[in-house]
Amino acid sequence: MTSIFTKIINGELPCYKIAENDEFFAFLDINPNAKGHTLCVPKKQVDKLFDLDEATYSRLMLFSRNIAVALKKAVPCKRIGLSVIGLEVPHAHVHLIPLQAMEDALFCKKVKLSKNEFESLAETIKAQLK
Ligand code: 5GP
């Protein structure tokens, strides 16, 4: 079954895109733990992160690192947390979350953002990408 992330990657559903290359796609999480919460996703639909082949997994981590470096510059925070959950969307992805406190990493407290805020965040993060 086509995942919601594949539909986003294919442009069938909208998103606030941060970056993409041949293999990977990064966009803002629609229900963020914190401002700037970003998802990094392989374009090839594989359910579980640890089912990716080693080379793809390594390249996804490198792609995520590049996004995390830009995110840290763009969003005031103590550090960028990285989480892998996958209980909601069966398409491997890495969560990058700007952290001020442990609770930002817990997927309990959510932040509501307007369309304008999402758009402006995405632009601010993109401007920090190398
Ligand atoms: P997980 O599968 O790691 O448990 O959670 C999936 C994440 O994807 C959640 O943080 C959720 O807010 C996010 N998400 C689910 N559907 C969409 C969507 O349609 N657009 C975006 N941008 N994020 C989504």
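The values are calculated or read from the model by the stated rules, or taken from the named source; none is laboratory data. Nothing here was measured: the structure is a model prediction, and the numbers come from that model. Here the Cβ is made from the backbone with ideal geometry for all residues, glycine too, and neighbour counts use every protein chain on show.
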Fill in the blank from the handout: Within the stretch 26-58, the residues that are touching a Pro at 6+ places or on another chain (Cβ under 8 Å) and without any contact (Cβ under 8 Å) to a residue 40 or more places away in the chain are THR56
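Okay, residues lined up against (1) modelled with pLDDT of 95 or more; (2) within 26 Å of VAL111 (Cβ to Cβ); (3) of a type in the set (A, V, I, L, M):
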residue	(1), (2), (3)
ILE4	yes, yes, yes
ILE9	yes, yes, yes
ASN21	yes, no, no
VAL46	yes, no, yes
ILE67	yes, yes, yes
PRO76	yes, yes, no
ARG79	yes, yes, no
SER83	yes, yes, no
Practice task
Report yes if PHE5 is crowded, with 16+ Cβ neighbours inside 10 Å and in contact with a Cys (Cβ under 6 Å, 6 or more places away or on another chain), otherwise no.
Solution key: no
